[in-house]
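Data block below; observations after.
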Amino acid sequence: MKLLDRILRAGEGKKLKALQGLVPHINLLEPNVHALGDDALRAKTAEFRGRLEQGEDLDDLLVEAFAVMREASIRVTGQRHFDSQLMGGAALHFGWVAEMKTGEGKTLASTLPAYLNGLGGKGVHLVTVNDYLARRDAETMGRIHRWLGLDVGLIIPGFKERPAEKRANYACDITHGTNNEFGFDYLRDNMAATLSDKVQRGHSFAIVDEVDSILIDEARTPLIISGRLADAAKLYYRFASVVRALTRDVHYEVEEDKRVVVPLEAGIEKVEETLGIDNLYDEVQQNLVHQLSVALKAKELYKRDKDYIIANGEVKIVDEFTGRVLEGRRWSEGIHQAVEAKEGVKIKEENQTLATITLQNYFRMYDKLAGMTGTAQTEAAELMNTYGLSVVPIPTNKPMIRVDQADLIYKGEDGKFGAVVDDIAEKYESGQPVLVGTISVEKSERLSRMLVKRGIEHEVLNAKQHTREAVVVAQAGRLHAVTVATNMAGRGVDIQLGGNPEGLARHDVLKEGHAPEVLVDDFELPEVRTEEFDAARTTALARYNQLLAEHEQRCSTDGDAVRTLGGLYVLGTERHDSRRIDNQLRGRSGRQGDPGESRFYLSLDDELMRLFATGALSWVMGRALPDDEAIEAKMVTKAIERAQTTVEQRNGEIRKNVLKYDEVMNEQRKVIYQRRDQILHGADLKAAAMEYLAEAVDALLETHCASVADDEWDLDGLAKEIKTFWPSDIGLDALDRCGSTDKMYDLIMADSSNYYEKREAELGDVVMRDVERQVMLRIIDQRWREHLDEMDYLQEGINLRAVGQKDPLTEWQREGFEMFGAMMKGIAQDFVKYVMHVQVVRNEAPAPVVQNVQQSSSDDAPTSGFSAAASAAAAAGDIAPELAAAAPAAPAKQQTIVKDEWSKTPRNAPCPCQSGKKFKQCHGATL
């Protein structure tokens, strides 16, 4: 058995040993590859691709491709992959999670499997948590891949957003981007009106950086594309005012750990009195119950400068895991509007869900998925159960020598922050750099004010200063540096002792007045450039290289001094509710064998302790200890661990619950999106049209002739409803003569088929197929949006089913299935009505014309929104030039028939009503 086969078949405990066995084979090739000239090294890419075409697979090329990539990296960036990075890269190629500690070079390790899999031409997606990292990696790591002849693309908001440009980036061998942008592009592709609007080309292989953050932490929040609905601002402002007058534990109760606020009877009575209504729960006033609920949640559960900030008159969400502002993101179900009303800022309109998917189900679409992070072991079970991902810990390149000090616990928060400032001051005086981690913007600003009073120079890195992030992080390891940061998880930027020379050089170049656009990487340069631009770029790069050399010397000297002082000191001011986040903060120190130190300062007022650590801490809290005296007790440490475990278990259950509920939507989504894709690719819908006709006839007979007794059949209603589906000649007498539902079915089907074939003959096969595709696409989109809304409403109240001893998930699955079936039935019926009534107009003029057809009776025909949508689509060029399709218009008023005027009309002559039918088949039948 080959070595690679053994690796793939190895159990969890043997994977690492197998990866270690690959390294000597790669190292053995290093002298030979090093001896190749640049052109010969680049030619290896074409050679590898040729071997793939001849039948070899990627595994066969791994050893050689990794050796070539390592040598290319040395020549382009000066960085050589460590053996540990070779192991990490191989783990990623095999579709595993490589757990590599902070500073071990995860990004450089990812270049190896990206190159190998990029050779296959199916596309590799390198997924990061933010735009800055995606752009940085596309520039720095992408430079190596481009040198070897691979195409590298970038997918981030604001960068080449036109469909043709995005499609070109997705067509690259390797595409860098953010998890949200990849997911949103998938949703937008499945809302596209034409193939030319789609940008993605499939989901072959994804390498996810900070995999625990993206696939675990963010998995609770689905990606949603929404559209605006009616404004209900006044109601939100009214309830924000109402709940201000309500008192906690008197009018309502709060369970913060469960994120629940429950109004009490006294509270409901006070709200009813304030609003001047008799009963808040009257059916007609049901929306008021929802308004009260979200207003109370906004008041008690959503905290300013922790969950959100106010910037430029807007409420902006702060990511609880990264401390970043989530631009463009809004809480759903009215929460965001309620928070806006609470803060007195302008309320944006409510939104309707147009498309949605969870990150869990998006990433499970990839044929092969891999990830890397510094902290994955605590989530190994969930990664395996949800994504089928094995976690493989990769040994560090050098031994870890960081010293993790014991936690210091204080009785109150004031005493804790006083001790924190004293500790910072001591380190600051000695010159040792300090990185302080806080869990909220509010806490970081409080600490900053205390440091200012002590005269300690420092930098603050939080959601309000994210644009300065690179500069702040670059300086965090310098002598005397003090950096206060909200939650460093996911920052993705290594803190180098002595400072980051590249970041400092760039900062100085920009400070001197050079334009930032001239410093971009080659692949981001504009296609058309002026001589002035090129001259400015040459000058700026020359100055950058000069400053870089100076900073490299200074940072090297300062780095040695910092190592002597003990390295970077990481100080946590509060435990996060996830052990991983604490470990990520600690992991900022001690990179690549550097010395380092970490310590957490806690207080019994901390949110985690207050909410979850109750029993064991009651005794400690009761002790008469001064606020400035540290508490050291094993029971406190254990209480912290229990609290974190409780939160992690709760969050894990929430994610499992989200996935279980989304599984229902995911299966439905697959059906709808697959159908849309078939239509965009020109599917022939004639067979579907005939099937839908048969279903429509069955439904008509089931509605009007369900009884066994024929005297209970509603033949008059049947005859009328048939005409809402197509202009039928079948009358009451013809139906009555059938005598059985089978014969009626044959009669109605024959009539519908004849009319369908007549239309097809009039329009021609090509136009008829195009009409069917245009109509079906728009009906699917309209019905799917309505279905998403209905499913949202269903989910809002589904948990109440538990009161009736019913399993909410089972009820969700059952009712969701029924609602989806009803939607599909509605799509079929709408399709028949539109296709049978649509008016097609051919014009000599270049602009297509959309015209509504008149119906004699179409009370039940769908008319809402379709004609306007078709008109807009035609004007935009989405409808073929020879075709314009529209829905049935509102029914035309019947002309008053005067018997004396029309009675002498010959029965075989055209009807005077200008219907195009013979008189005997039209109004003559009623005279």
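The values are calculated or read from the model by the stated rules, or taken from the named source; none is laboratory data. Treat the numbers as computed from the prediction; the structure is a model and nothing was measured. All Cβ positions, glycine included, derive from the backbone under ideal geometry; neighbour counts span all protein chains shown.
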Practice task
Look through Val452, Val421, Val403, Val391 and report the one residue that is surrounded by 21 or more Cβ atoms within 10 Å (Cβ to Cβ) and of a type outside the set (Gly, Ala, Ser).
Solution key: Val391
Fill in the blank from the handout: The lone condition Thr863 fails out of (1) at pLDDT below 65; (2) in contact with a Lys or Arg (Cβ under 9 Å, 6 or more places away or on another chain); (3) of a type in the set (Ser, Thr, Tyr) is (2)
Fill in the blank from the handout: By my count, helices (runs of 4 or more DSSP H) wholly in region 519-613 with at least 2 residues that are of a type outside the set (Phe, Trp, Tyr), closer than 20 Å to Ile424 by Cβ and in contact (Cβ under 8 Å) with a residue 60 or more places away in the chain are 531-565, 579-586
Exercise for the section: Scan (1) farther than 26 Å from Asp677 by Cα; (2) under 25 Å from the mean Cα position of the chain (by Cα); (3) not small (Gly, Ala, Ser) for the single condition Glu815 breaks and write down its number. Expected result: (2)
Exercise for the section: List the number of the failed condition for Asn130; all other conditions in (1) of a type in the set (S, T, N, Q); (2) under 30 Å from Val570 (Cα atoms); (3) free of Cβ contacts under 8 Å to residues at least 40 places away in the same chain hold. Expected result: (3)
Practice task
Evaluate region 83-90: report whether one residue or more is without any contact (Cβ under 8 Å) to a residue 40 or more places away in the chain, surrounded by 23 or more Cβ atoms within 10 Å (Cβ to Cβ) and either closer than 27 Å to Pro399 by Cα or touching a Ser or Thr at 6+ places or on another chain (Cβ under 7 Å) (or both).
Solution key: yes
Handout entry: Those helices (runs of 4 or more DSSP H) lying entirely in region 698-810 with at least 1 residues buried (at least 18 other Cβ atoms within 10 Å of the Cβ) and over 46 Å from the mean Cα position of the chain (by Cα)
Key = 715-725, 732-738, 741-763
Problem - Test set (1) surrounded by fewer than 16 Cβ atoms within 10 Å (Cβ to Cβ); (2) within 24 Å of Arg773 (Cα to Cα) - Arg650 fails condition number - result: (2)
Fill in the blank from the handout: Going through (1) in a helix (DSSP H, G or I); (2) out of contact with any helix residue (DSSP H, G or I) (no Cβ under 7 Å at 6 or more places or on another chain) one by one, Leu116 fails only at (2)
Completion exercise
Output for Cβ contacts, cut-off 7 Å, separation at least six or different chains, first residue assigned by TED's automatic domain parsing to the domain that holds Arg244 and of a type in the set (Ser, Thr, Tyr) in region 320-341, second part of a loop (DSSP other than H, G, I, E, B) and modelled with pLDDT under 75, reads Thr322/Asn487; Thr322/Ala489; Thr322/Gly490
Fill in the blank from the handout: Within region 223-255, the residues that are under 30 Å from Arg364 (Cβ atoms) and either modelled with pLDDT of 85 or more or polar (S, T, N, Q) (or both) are Leu223, Ile224, Ile225, Ser226
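Filter region 344-364 down to residues that are out of contact with any strand residue (DSSP E or B) (no Cβ under 9 Å at 6 or more places or on another chain) and in a loop (DSSP other than H, G, I, E, B) and give me whichever is surrounded by the most Cβ atoms within 10 Å (Cβ to Cβ). Full working, then the answer.
From region 344-364, those out of contact with any strand residue (DSSP E or B) (no Cβ under 9 Å at 6 or more places or on another chain) are 344, 347, 360-361, 364; that's our starting set.
Next cut, in a loop (DSSP other than H, G, I, E, B) only: 344, 347, 364.
On the way: Gly344: 11, Ile347: 22, Arg364: 16.
Checked region 344-364; the qualifying residue surrounded by the most Cβ atoms within 10 Å (Cβ to Cβ) is Ile347.
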Practice task
Select from region 424-442 the residues that are farther than 21 Å from Pro595 by Cβ and crowded, with 22+ Cβ neighbours inside 10 Å and write down the one among them that is modelled with the highest pLDDT.
Solution key: Thr438
Problem - Among residues of region 672-687, those that are touching a helix residue (DSSP H, G or I) at 6+ places or on another chain (Cβ under 8 Å) and either in a helix (DSSP H, G or I) or at negative phi (or both), counted - result: 10
Handout entry: Residues (out of contact with any Lys or Arg (no Cβ under 6 Å at 6 or more places or on another chain), over 26 Å from Glu502 (Cβ atoms), assigned to a helix (DSSP H, G or I) and of a type outside the set (D, E, K, R)) located in region 155-173
Key = Pro163, Ala164, Ala168
Completion exercise
If you go through Asp751, Asp770, the only one that is touching a Leu at 6+ places or on another chain (Cβ under 7 Å) and modelled with pLDDT of 90 or more is Asp770
Practice task
Return the only residue of Met400, Met384 being in contact (Cβ under 8 Å) with a residue 24 or more places away in the chain and over 25 Å from Asp307 (Cα atoms).
Solution key: Met400
Completion exercise
Subset of region 365-376, residues under 15 Å from Ser213 (Cα atoms), under 20 Å from the mean Cα position of the chain (by Cα) and part of a loop (DSSP other than H, G, I, E, B), comes to none
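In this structure, is Lys160 basic (Lys, Arg), closer than 29 Å to Arg324 by Cβ and in the same structural domain as Val211 (by TED's automatic domain parsing)?
Working: basic (Lys, Arg): yes; closer than 29 Å to Arg324 by Cβ: yes; in the same structural domain as Val211 (by TED's automatic domain parsing): yes.
For Lys160, the condition - basic (Lys, Arg), closer than 29 Å to Arg324 by Cβ and in the same structural domain as Val211 (by TED's automatic domain parsing) - is met.
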Fill in the blank from the handout: Taking first residues from region 797-814 that are modelled with pLDDT of 85 or more and second residues anywhere that are of a type in the set (Phe, Trp, Tyr), the pairs with Cβ under 8 Å that are 6 or more apart or on different chains are Leu809/Tyr661; Trp812/Tyr661
Problem - Conditions (1) under 30 Å from Gln405 (Cα atoms); (2) without any contact (Cβ under 8 Å) to a residue 24 or more places away in the chain: number failed by Asp736 - result: (1)
Handout entry: Hits in region 122-154 - residues which are over 22 Å from Asp367 (Cβ atoms) and part of a loop (DSSP other than H, G, I, E, B)
Key = Val129, Asn130, Leu148, Gly149
Practice task
Restrict the check to region 511-518 and report whether at least one residue is part of a helix (DSSP H, G or I), closer than 30 Å to Gln584 by Cβ and at pLDDT 85 or above.
Solution key: no
